[in-house]
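Data first, discussion second: the structure below is written as structure tokens.
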Amino acid sequence: MSGDDIFQMFGFLLPAVVTGVVAFYFFRLHTRNEEGRRRYLLHKESQKSALPIRLQAYERLALFLERISIPNLVVRVAPKSADKAAYENLLIKNIENEFEHNLSQQIYMSDECWNVIKAAKSATIQAIRRAGLSESDSADKLREDILNETMDMQSPSATALAYVKKEISALW
């Protein structure tokens, strides 16, 4: 083979190689786009089915926050006896039971939101304990002290509920 023959074969081979490289590039680009489209559609479909579940979790935790709000809690949970310590423990146990009942809802929300809810629960328990340190001698007097102590401050539940509402609005 002469140099002209090699040059002529290279001239025929070069367009085939360029066409093959371009075809490979477009095939790979098309495959990536299809994979991305499928992933997007799958994500969109899962979001459509997960959104109602997430909203239900937020609803349940909003209800939890309303139920442990000190005025609502004290009205809903009446003392069973005149014992102040027993009433304090009853209120705290009621909060803990409500919390445990809604514990699984944390998987549907952000860690920050869950931490705000836990902080509201802890702050509510601390307010009850602070009122329990008062000089009151009966459960009814403790009930009044709890309401009086928390009347002038914003409820921890109200603060947490505002955060939950803000997070829900971010879903839209």
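A short reminder: the numbers here are calculations on the coordinates, not readings from a lab. Predicted model, so just to flag it, every value in this text is computed and none were measured. No Cβ is skipped: glycine too gets one built from the backbone with ideal geometry, and neighbour counts run over all protein chains shown.
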Crossing angle, helix 156-171 versus the chain [Cα axis fit, 0-90 degrees, rounded to tens]: 20
Ordering of 136-145, 20-29 by packing [mean C-beta count within 10 Å, highest first]: 136-145, 20-29
Residue 93/residue 171 FRET efficiency (R0 35 Å; Cβ-Cβ; nearest 0.05): 0.55
Gain on full stretching of the segment that runs from residue 148 to residue 5 - 0.36 nm per residue minus C-alpha separation: 41.1 nm
Stretchable slack from residue 55 to residue 122, in nm (0.36 nm times residue separation minus alpha-carbon distance): 21.7 nm
Which of 159, 116, 15, positive extreme of dipole for the chain (C-beta unit charges): 15
Listed residue pairs exceeding 31 Å between alpha carbons, taken from 44/93; 84/118; 44/121: 44/93; 44/121
Separation in nanometres of the label points that stand 7 Å from Cα toward Cβ, at residue 43 and residue 129: 4.4
Degrees separating the helix 139-151 axis from the principal Cα axis of the chain, which is the longest one: 50
Residue-averaged 222 nm ellipticity for the chain, from DSSP H runs of 4+ at -39500 (n - 2.57), nearest 500: -29000 deg cm²/dmol
Estimated inter-spin distance, residue 138 and residue 159, nm [label 7 Å along Cα→Cβ]: 3.4
Stretchable slack from residue 115 to residue 26, in nm (0.36 nm times residue separation minus alpha-carbon distance): 27.2 nm
Rough spin-label spacing in nm, given labels placed 7 Å along Cα→Cβ, for residue 101 and residue 14: 8.1
0 to 90° range, to nearest 10: angle between helix 84-101 axis and the chain longest Cα axis: 20
